[in-house]
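The values are calculated or read from the model by the stated rules, or taken from the named source; none is laboratory data. The shown structure was predicted, so the numbers you read here are calculated from the model rather than taken from an experiment. Here the Cβ positions follow ideal geometry from the backbone for every residue, glycine too, while neighbour counts run over all protein chains shown. Each accessible area value is taken on the protein alone, full model and side chains, heavy atoms only, with ligands, DNA and RNA left out. Shrake-Rupley method; radii C 1.70, N 1.55, O 1.52, S 1.80 Å.
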Amino acid sequence: MKCQLYKDNDILIECLKKGDENAYVYLLEMYHHKLCVYANSLVKNIYNAEDIVQNVFLRTWEQSSRLKPDHSIKSFLYKSVYNEFIDQYRKKQSLIKLEKTYFDALNEIIHDDNSESLDQIIIVVKKEIQNLPPKCKEVFILSKQEGLTNIEIAEHLNISIKTVEAQITKAFSILRSTMKDKVKVFLLLLFGYGKTIFSKKQLLKT
């Protein structure tokens, strides 16, 4: 009987807004497969398509109180799938650009015979870090050597998270301004990308 009620768009949305789990199950049964087919037509990968649809349904449930009764739930779901696809595409493109920057910079260091040795560069970077203003250096090392989060640093030093962010930004700004171009590239490789050829502890060890 309830399933018949849920076929009415307004009733279905109202039930979802109230947190009716049966209404959510009905939504899954009605649209999950159809949305996966649609998402797959966009990404050309069934596993990615299923992830997109899962994200959409999860967000729909978590934010069900924001649903508008005068909107078609079907149109809402399809539009949400499309928006999720666009968001993932943009993130992927940003990652590709970041990876290209990383490998271009790494290639420049490795193949340039005139560049300083990596050991020399490490020495320079260590020296410049030690020359940072005291508070700036302390925050920077806690973040990059100890691997603490900004929240953990703020609690440890009894300062605000905004102050932590400002000190890290200041450290990068100082290091970029005091280093030569080749060392700036290495700074990008070390701190600007998740995978590096040196451990941060090796670089920052005093």
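Here MET179 fulfils each of the conditions (1) loosely packed, with under 15 Cβ neighbours inside 10 Å; (2) at pLDDT below 80 apart from (1). Selection of region 126-144 for residues being assigned to a loop (DSSP other than H, G, I, E, B) and over 16 Å from GLU165 (Cα atoms) yields only ASN131.
Residue check: ILE122 meets all listed conditions (1) more than 30 Å from GLU29 (Cβ to Cβ); (2) open to solvent by less than 90 Å² (accessible area, probe 1.4 Å); (3) at pLDDT 85 or above but one, namely (3). Of the helices (runs of 4 or more DSSP H) entirely within region 1-50, those holding at least 2 residues that are under 32 Å from the mean Cα position of the chain (by Cα) occupy 9-17, 21-43.
For region 90-97, the count of residues that are assigned to a helix (DSSP H, G or I) and surrounded by 13 or more Cβ atoms within 10 Å (Cβ to Cβ) is zero. Of all residues in region 51-75, those that are touching a residue at least 12 places away in the same chain (Cβ under 8 Å) and not in a loop (DSSP other than H, G, I, E, B) total 12.
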